[in-house]
1. Amide H to amide H under 5 Å from PHE67: which residues, 5+ apart in sequence or cross-chain, H placed 1.01 Å off N in plane?
2. Provide the packing ranking of 105-111, 27-33, i.e. peptides ordered by the mean count of other C-beta atoms within 10 Å per residue, highest first.
3. Just to be sure I understand the curve: with the Debye formula and one point per C-alpha of the stretch 44-115, what is log10 I(q)/I(0) at q = 0.11, 0.18, 0.20, 0.22 Å⁻¹?
4. In Å, what Rg and Dmax follow from the Cα atoms of the stretch 1-95?
5. Counting only protein heavy atoms and a 1.4 Å probe, tell me what percentage of the chain's accessible area is made up of carbon and sulfur.
6. Any idea how far apart SER25 and GLN110 come out in nm if each label point goes 7 Å out from Cα toward Cβ?
7. Give, in whole angstrom and from largest to smallest, the semi-axes √(5λ) of the equivalent ellipsoid of the stretch 26-70, with λ running over the eigenvalues of the Cα gyration tensor.
8. Which whole-number value in Å² is the accessible area per residue of the chain, probe 1.4 Å?
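The values are calculated or read from the model by the stated rules, or taken from the named source; none is laboratory data. Please read all numbers here as calculations on a predicted model, not as lab measurements. No Cβ is skipped: glycine too gets one built from the backbone with ideal geometry, and neighbour counts run over all protein chains shown. Please note that ligands, DNA and RNA were not included when accessible areas were found on the heavy atoms of the full protein model with its side chains. Shrake-Rupley method; radii C 1.70, N 1.55, O 1.52, S 1.80 Å.
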Amino acid sequence: QVQLVESGGGLVQPGGSLRLSCAASGIIFSSAAMGWHRQAPGKQRELVAGISSGGNTNYASSVKGRFTISRDNAKNTVYLQMHSLKPEDTAVYYCTVGRFQVNYWGQGTQVTVSS
């Protein structure tokens, strides 16, 4: 079955950086578009960043220039590098198979930006 295992979340001060990783199994990873979504308390889930099988990327306007999504097909892993983190980036971050249309969700990893 499909498994998406996220790691790398945690507590970071404003202005800090984190890198999230998501190891995927049960899919043909190199053929799959992948994404990172997030859900903050009291808010709807939103697409933060996505990457196509060919490496094309897209970002939410709120994170553009601060976050970078990348993939390593040899490791079946997708990454989200986050810089200049803000308190409003606090959320549970979910790895997904699919960008705009999500087929599978990971269990989520908490990112908290606070001093």
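1. When sequence neighbours closer than 5 places are left aside, the close amide H contacts are HIS83.
2. 105-111, 27-33
3. The Debye formula, applied to the Cα set alone, gives -0.27, -0.74, -0.91, -1.11.
4. Over the stretch 1-95's Cα set, Rg and Dmax evaluate to 13.0, 38 Å.
5. Heavy-atom surface of the chain belonging to carbon and sulfur, 1.4 Å probe: 46 percent.
6. Label at SER25, label at GLN110, 2.6 nm between them.
7. Listed largest to smallest, the semi-axes of the stretch 26-70 are 21, 14, 6 Å.
8. 51
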